[in-house]
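Asker: This structure is in structure tokens; I'll ask about it shortly.
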There are 2 protein chains.
Amino acid sequence: MKNYSIKDIAEIAGVSVATVSRVINDNGRFSAETRKKVLKVIEETGYKMNYSAKNLRMNKSFTIGILVPDISNYFFSDVVQQLEEILFAKGYSTIICNTSRSSEKELAYLRILEGKGVDGLIVISGAEEFEFDSSSAEKKIPYICIDREPKKKENTIFISSNHYQGAFESAEELIHEGCQHPIIAMHNQKSTSAKERLKGFKDALKKNSIPFNAKQHLLSIDIEHSDFEQNLLTFLKKNPNVDGIFSINDLIALELMLSLKKNQIDVPKKIKLIGFDDTYAGKYTTPTLSSVRQNTGLIANYAVESLLELISKKGELGRQIVVPVSLVLRESSTSS
Amino acid sequence: MKNYSIKDIAEIAGVSVATVSRVINDNGRFSAETRKKVLKVIEETGYKMNYSAKNLRMNKSFTIGILVPDISNYFFSDVVQQLEEILFAKGYSTIICNTSRSSEKELAYLRILEGKGVDGLIVISGAEEFEFDSSSAEKKIPYICIDREPKKKENTIFISSNHYQGAFESAEELIHEGCQHPIIAMHNQKSTSAKERLKGFKDALKKNSIPFNAKQHLLSIDIEHSDFEQNLLTFLKKNPNVDGIFSINDLIALELMLSLKKNQIDVPKKIKLIGFDDTYAGKYTTPTLSSVRQNTGLIANYAVESLLELISKKGELGRQIVVPVSLVLRESSTSS
DNA sequence: TTGTATGCGTTATCAC
DNA sequence: GTGATAACGCATACAA
């Protein structure tokens, strides 16, 4: 048994390679009879398309590259999985590239992906703004940005959750639950989404006549270096009236919950807490964790749809799609 | 600006395509001067290798396919990420295929991957035994199985954690902590890893003179259908002396913990609990969850190493590599 | 040391 | 409705 090519198929079926190709791609005209004949041979031989040849000839790869900072992150892996699912159904395969938030790795991947002739790119998050100059202007590779603001908006389509809304509603929820001194806890990454969440939080405070002040309302967390717990305690010592925390993500929220518990600060009685991403862990903590859920399914759908439109030259660039989020309320933010 | 080919480069540099190819691949002989000349042109033009052509010509793709049941699973995504990292460093790119535990999808992917000419395959878990008959015996695609027992061991290399050890040690730990009636909680998937864990659990009981009896020591959970909590309560009603649970994975362990808490059954006082996989959520529950940690880094390393050996025809087939696990003890299994 | 020519498997453009 | 053939970009055997 060998690797059959359409040439072999043609020979066995007693037709020409052109005919075989036409049958396979259901493209052009041929009689029902030859069709059956060819299909039978294909079945019998177990013929498999050589995509390298097809790609070379067509200058198309039916492959989409996905750039993601960290596939083990809950939100990212969720989006990626959905993307993969949808793309597969549409006949595309995906190359998932874990950039580990490293620019060099990202660049290296970009070159490889270009070389492999991907038809399109989906770029997910990443700390900095993204600019992709497919150096060959001739064959610009279309790309979609998810949660990562592109430098040149006119070259791409930008999809993201409504981070502003999520933060705004969270802050309002805390206030409505009686919090007089809600704060926002965030890391020092200046991603678009983080900025939006901060803005939403600030605006909610403003709307409720609480003047925002970084010293009093912003707990800044240096993920890598400083001691998490000490960080929190110092802040609370300076601001003893804090009674609500909106955390920029669940990971931080969970750590906060742990530290608070360790220091006998009751959640939600003394301090109410809302996270972001609705990680599954939030269902199992005591108290269970309220969080903002992003609609990954919708995001993935929009991304694929837009990208395929761009690939077929039908899509309009420069758009921005904002996907609404939903607040999932659990015990950590509700006054019994 | 267009997409340059080596032909263009050759023309600009005033040499032949053969020379350019030799320079690019550092293969064959050429003068230092021509080398410099060619490299300069490549730099200036921003030439990018067309891998479709290269693959077609070389019958090699520098691409590895990874089949994984569910990328959003903690253990899987961890392994995949590490695989990707290691492979990337070695110049390979990866196509990650999420099979959603569907045989059809798996088969479809296999065909595509073959067509794309992947140099090798890494198959992770999946419910059933795996048999990959690269239908073209001519060009057998080498593959590695992680946590999934292949039907024909002689065609592949089988890598897995020491599930037996993890289960055995967990059971012994429960017993040493005073449990008289430890049980194992498991879903109805008959994967290799599940079987091994069951065996380890049984053997630990035997060693400690506790005769294993499915009715008394095996809590079977139908993930999809039945009501989880009711399931547990019924079992506990029949076996009121249960004082320790080894759960086949953390997901189930977390659910158990939730149900126990809901019914005021204290963990670890009344019932001690140990999970499997050391999901990050276990750090944030109350009590924190003891669990068996798999060494994903080591698994990934072995997998890549073995696969590359197979690809270069140097590896020996039929081997089995067992990677030790470690028991991470937390509050859920320790008597205060 | 370098160049010429061939073929990898496919699709598309012609002819017939 | 079908067949012959060029072309895609690359690596390599063989010539020079």
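Asker: Highest first, please rank the peptides A:255-261, B:116-122 by the mean number of other Cβ atoms sitting within 10 Å of their residues.
Answerer: Descending packing order for the listed peptides: B:116-122, A:255-261.
Asker: Report the calculated FRET efficiency for B:VAL322 and A:LYS140 (r = Cβ-Cβ distance, R0 = 60 Å), to the nearest 0.05.
Answerer: Values: r = 50 Å, r/R0 = 0.83.
Result of the calculation: an efficiency of 0.75.
Asker: Considering amide H positions built from the backbone, and no H for Pro or chain starts, which residues 5 or more places from A:ARG319, or on another chain, come under 5 Å of its amide H?
Answerer: Distant-sequence amide H within range of A:ARG319: A:PHE158.
Asker: When a footprinting reagent is the concern and you count Cβ atoms within 10 Å, what order do A:VAL267, A:VAL328 take, fewest first? Intermediate results must be reported in sequence, preceding the final value.
Answerer: Numbers: A:VAL267 21, A:VAL328 17.
So the residues, fewest neighbours to most, are A:VAL328, A:VAL267.
Asker: Give the nm distances, rounded to one decimal, from B:LYS283 to the matching residue in every other copy, measuring between label points 7 Å along Cα toward the beta carbon; shortest first.
Answerer: Once sorted, the set of distances for B:LYS283 reads 2.1 nm.
Asker: For chain B, with a Gaussian network of springs between Cα atoms less than 10 Å apart, report the residue from B:ALA108, B:ALA167, B:ALA18 with the top mean-square fluctuation.
Answerer: B:ALA18
Asker: Apply the Karplus parameterisation 6.51 cos²θ - 1.76 cosθ + 1.60, with θ equal to phi minus 60°, to every residue of the range B:13-28 and state each ³J(HN,Hα) to the nearest whole Hz, in sequence, with x for glycine and proline.
Answerer: 7, x, 10, 9, 4, 4, 4, 4, 4, 4, 5, 4, 8, 6, 9, x
Asker: Could you let me know the centre-to-centre spacing of the range B:86-130 and the range A:1-27, using Cα atoms, in angstrom?
Answerer: Using only Cα atoms to place each centre, the spacing works out to 27 Å.
Asker: Based solely on its DSSP helices, what 222 nm [θ] is calculated for the protein assembly as shown when runs of n ≥ 4 H residues each add -39,500 (n - 2.57) and the sum is averaged over all residues, nearest 500 deg cm²/dmol? List each step's numbers first, then the result.
Answerer: Details: 24 runs with 284 residues, N = 672.
Per the formula, -13000 deg cm²/dmol.
Asker: Based on Cβ point charges of +1 for Lys and Arg and -1 for Asp and Glu, what charge dipole magnitude is obtained for chain A about its Cα centre, in debye rounded to the nearest 20?
Answerer: Using only the charged Cβ atoms, the result is roughly 740 debye.
Asker: Residue separation times 0.36 nm, minus the C-alpha to C-alpha distance between A:GLU44 and A:GLU11: what's the value?
Answerer: Gain in length upon complete extension: 10.5 nm.
Asker: Net charge around A:VAL328, counting only other residues with Cβ within less than 14 Å of its Cβ (Lys, Arg = +1; Asp, Glu = -1)?
Answerer: Details: positive: A:LYS283, A:ARG293, A:ARG330; negative: A:GLU169, A:GLU173, A:ASP250, A:ASP277, A:ASP278, A:GLU331.
Around A:VAL328, the surrounding residues sum to -3.
Asker: Hey, in the GNM for chain B with a 10 angstrom Cα cutoff, which one of B:GLY297, B:GLY282, B:GLY14 fluctuates hardest?
Answerer: B:GLY14
Asker: Among A:ASN263, A:ILE321, A:ASN301, which residue has its Cα positioned farthest towards the positive end of the charge dipole of the range A:249-336, with +1 placed on the Cβ of Lys and Arg, -1 on the Cβ of Asp and Glu, and the dipole taken about the Cα centre?
Answerer: The Cα lying farthest towards the positive end belongs to A:ASN263.
Asker: Can you list the distances in nanometres, one decimal and ascending, from the B:SER103 label point to the identical position in each other copy, with the point 7 Å along Cα to Cβ?
Answerer: The answer, with the shortest distance listed first, is 5.1 nm.
Asker: Another one. If you take each beta carbon of peptide B:60-67 and count the beta carbons of other chains within 10 angstrom, what is the mean?
Answerer: Average neighbour count from other chains, rounded to a whole number: 1.
Asker: Let me ask another. Per residue of the range B:51-65, in order, report the coupling 6.51 cos²θ - 1.76 cosθ + 1.60 (Karplus, θ = phi - 60°) as ³J(HN,Hα) in whole Hz, putting x for Gly and Pro.
Answerer: Coupling constants for the range B:51-65: 6, 4, 5, 4, 4, 4, 5, 8, 6, 7, 10, 6, 9, 10, x Hz.
Asker: Could you give the nm distance between label points at A:SER209 and B:LYS36, where each point is 7 Å from its Cα heading toward the beta carbon?
Answerer: About 7.7 nm separates the two model spin labels.
Asker: Same structure, new question: Please work out the FRET efficiency for the pair B:SER102 and B:MET58, using the Cβ-Cβ distance as r and a Förster radius of 45 Å; give the result to the nearest 0.05.
Answerer: Efficiency, rounded to the nearest 0.05: 0.85.
Asker: For chain B, find the longest principal axis of its Cα atoms and tell me its angle to the long axis of helix B:192-207, 0 to 90°, nearest 10.
Answerer: Computed tilt is about 40 degrees.
Asker: Now, a different point. Using only atoms on other chains, find how many Cβ atoms lie within 10 Å of each Cβ of peptide A:273-280 and report the average.
Answerer: Mean shielding by partner chains, rounded to a whole number: 1.
Asker: Counting other beta carbons within 10 Å of each Cβ, put B:GLU229, B:GLU33, A:GLU172 in order, fewest first.
Answerer: Listed from fewest to most nearby Cβ atoms, that is B:GLU33, B:GLU229, A:GLU172.
Asker: Then there's this: Under 1.5 on a/c is rounded, so check that first for the protein assembly as shown, then, if it is not, pick prolate when a/b is larger than b/c and oblate when it is not; a ≥ b ≥ c are the square roots of the alpha carbon gyration tensor eigenvalues.
Answerer: Cα axes put the protein assembly as shown in the oblate bin.
Asker: Related question: Report the charge-dipole magnitude of the range A:24-86 in Debye, nearest 20, computed about the Cα centre from +1 at each Lys and Arg Cβ and -1 at each Asp and Glu Cβ.
Answerer: Around 660 debye, computed over the range A:24-86.
Asker: List the distances, in nm to one decimal, from the label point of B:LYS140 to the label points of the same position in every other copy, shortest first, placing each label point 7 Å from Cα along the Cα-to-Cβ direction.
Answerer: Copy-to-copy label distances at B:LYS140, shortest first: 4.9 nm.
Asker: When A:HIS176, A:HIS187, A:HIS163 are ordered from fewest to most other Cβ atoms inside 10 Å of their Cβ, what list results?
Answerer: Details: A:HIS176 11, A:HIS187 17, A:HIS163 25.
Least crowded to most crowded, the residues run A:HIS176, A:HIS187, A:HIS163.
Asker: What shape does the range A:153-234 have by the C-alpha gyration tensor, where a ≥ b ≥ c are the square roots of the eigenvalues, rounded means a/c under 1.5, and otherwise prolate means a/b greater than b/c and oblate the rest?
Answerer: Verdict is oblate for the range A:153-234.
Asker: Between A:SER161, B:LEU83, B:GLY65, whose Cα lies farthest towards the positive end of the dipole of the protein assembly as shown when Lys and Arg beta carbons carry +1 and Asp and Glu beta carbons carry -1, centred on the Cα centre?
Answerer: B:GLY65
Asker: Amide H to amide H, which residues 5 or more places from A:GLY244 or on other chains are under 5 Å from it, using H placed in the peptide plane?
Answerer: Amide H to amide H, under 5 Å and 5 or more residues apart or across chains, A:GLY244 pairs with A:HIS181, A:ILE183, A:LYS272.
Asker: Would you tell me the mean number of C-beta atoms belonging to other protein chains that fall within 10 Å of each C-beta in B:256-264, as a whole number?
Answerer: Details: counts 0, 2, 4, 0, 0, 2, 0, 0, 0.
Average per residue, whole number: 1.
Asker: Given H placed on each backbone N at 1.01 Å, which residues far from A:THR94 in sequence or on other chains put an amide H within less than 5 Å of it?
Answerer: A:ILE64
Asker: Assign unit charges at the C-beta atoms only (+1 for Lys and Arg, -1 for Asp and Glu), then state the dipole size of the range B:209-336 relative to its Cα centre in Debye, rounded to the nearest 20.
Answerer: The calculation lands at about 340 debye.
Asker: Hey, what do the phi angles of the range A:235-247 turn into as Karplus ³J(HN,Hα) couplings, whole Hz, using 6.51/-1.76/1.60 and θ = phi - 60°, x for Gly and Pro?
Answerer: Listing the rounded values in order: 5, 5, 5, 6, 10, x, 8, 4, 9, x, 10, 9, 9 Hz.
Throughout, read-outs are computed from the coordinates displayed, never taken from laboratory work. What you see is a predicted model, and the numbers here were worked out from it, not measured in a lab. Cβ: placed from backbone, ideal geometry, glycine included. Neighbour counts: every protein chain shown.
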